[in-house]
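Presented below is the structure to which this report refers.
The values are calculated or read from the model by the stated rules, or taken from the named source; none is laboratory data. Being a predicted model, the structure only gives us computed values, none of them experimental. Note that we place each Cβ from the backbone using ideal geometry, even for glycine, and neighbour counts take in every protein chain shown.
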Amino acid sequence: MNLLTVRRHFVEKSGRYDLVVDEVDWQDNGADFYINAGQKFIERKINVKKSIGRFFKKLSVGEAGVSFRGCRAIGEVWAHFPKEQVRTRLKKLSYTEFRTKFPAMNKAVDSGSPLYFTPVLLRMYPDKPILSQWEQYLGFFDVLAMSGSEVFDGVLVYPPTDQEIVIEVTGLFENAELTADEDETYWSMVHPEILLLGALYQLEVFNRNREGARDWLEALEIALADIDKDVVEEESFDINQMEG
């Protein structure tokens, strides 16, 4: 289902026709808020195969960081080297380890083939610090100069690359927010009934209807349990195949 179809079903199931402009075009008048809130809630409740995503970003010579949004958890980071036609998995360091190991990262001196990465702390206080280039590299090199840091995540790599490469980040990524009528996500296409349960649950939560919210949550958890069984079965199948 696309968003328009999900919206129509949501309004019909909830009886909240005030959440659309009319019953002809079914344009949003508040319904999409609950649909997207439901999708986010579901994604926090369960991980499925499609929760895993891959983000690619080209790094130019001397660059050492990438930023991205919608990542719930960073897993692996790989560096692709087009010249050599090879890819290397980078070793993860904690933020503290990274800063201790490379206290004065300087792209002009320490460039090479990236070997390490660390999840970076993007948000600063105050929100718009004034830092010189040397302050960023000698004392605050974990700062990627950018706006909207509240919704972005990022990784730093070391050493800064001495050639143009591609960084690949694998992890758990959110589905995109549903905004346009024709928008689709994994949940709207593969499990639209579960997306509707999540949206209806959020509607009751925001209306402070504890009994209604409890009923929808129970139905949602039963549906998610069946999906979780499929994930477990697939993992078990992979193990049995390897042992066999």
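Consider the range 57-81. How many of its residues are more than 22 Å from the chain's Cα centre (by Cα) and either at pLDDT 90 or above or closer than 13 Å to PRO119 by Cα (or both)?
Taking the range 57-81 first, the residues more than 22 Å from the chain's Cα centre (by Cα) are 60-63, 81.
From what's left, either at pLDDT 90 or above or closer than 13 Å to PRO119 by Cα (or both): 60-61, 81.
Selection size over the range 57-81: 3.
Please go through the range 73-103 and give me each residue that is touching a Phe, Trp or Tyr at 6+ places or on another chain (Cβ under 7 Å) and under 30 Å from ASP228 (Cα atoms), ordered by number.
Result: VAL77, ARG89, LYS92.
Quick grid of which residues meet (1) touching a strand residue (DSSP E or B) at 6+ places or on another chain (Cβ under 7 Å); (2) assigned by TED's automatic domain parsing to the domain that holds LEU93:
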residue: TYR17; (1), (2): no, no
residue: GLY30; (1), (2): no, no
residue: ALA37; (1), (2): no, no
residue: PHE56; (1), (2): yes, no
residue: GLY65; (1), (2): yes, yes
residue: GLU76; (1), (2): yes, yes
residue: HIS80; (1), (2): yes, yes
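Looking only at the range 176-195, decide whether some residue is in a loop (DSSP other than H, G, I, E, B) and modelled with pLDDT under 95.
The answer is yes, given that some residue of the range 176-195 is in a loop (DSSP other than H, G, I, E, B) and modelled with pLDDT under 95.
Against the conditions (1) more than 16 Å from ILE167 (Cβ to Cβ); (2) touching a strand residue (DSSP E or B) at 6+ places or on another chain (Cβ under 8 Å); (3) modelled with pLDDT under 95; (4) aliphatic (A, V, I, L, M), where does VAL48 fall short? Just the number, please.
Checking VAL48 against (1) more than 16 Å from ILE167 (Cβ to Cβ); (2) touching a strand residue (DSSP E or B) at 6+ places or on another chain (Cβ under 8 Å); (3) modelled with pLDDT under 95; (4) aliphatic (A, V, I, L, M), the one that fails is (2).
Could you please find all residues in the range 1-15 being among the polar types (S, T, N, Q) and surrounded by fewer than 16 Cβ atoms within 10 Å (Cβ to Cβ)?
Looking only at the range 1-15, we keep the residues that are among the polar types (S, T, N, Q), and these are 2, 5, 14.
Within the range 1-15, THR5 is the sole residue that qualifies.
Return the residue satisfying two criteria in turn: it lies in the range 186-208 and is among the hydroxyl-bearing types (Ser, Thr, Tyr) and surrounded by fewer than 22 Cβ atoms within 10 Å (Cβ to Cβ), and of such residues it is nearest to ILE46 (Cα to Cα).
Keep residues of the range 186-208 that are among the hydroxyl-bearing types (Ser, Thr, Tyr), which gives 186, 188, 201.
Adding the requirement that they be surrounded by fewer than 22 Cβ atoms within 10 Å (Cβ to Cβ) leaves 186, 188.
Numbers: TYR186: 13, SER188: 15 Å.
Going through the qualifying residues, I end up with TYR186.
Mind listing whichever residues of the range 1-45 are touching an Asp or Glu at 6+ places or on another chain (Cβ under 6 Å) and assigned to a loop (DSSP other than H, G, I, E, B)?
ASN2
Name the one entry in TYR116, TYR34 that is in contact with a Lys or Arg (Cβ under 6 Å, 6 or more places away or on another chain) and modelled with pLDDT of 90 or more.
Working: TYR34 fails: in contact with a Lys or Arg (Cβ under 6 Å, 6 or more places away or on another chain).
None of the others qualify; the one that does is TYR116.
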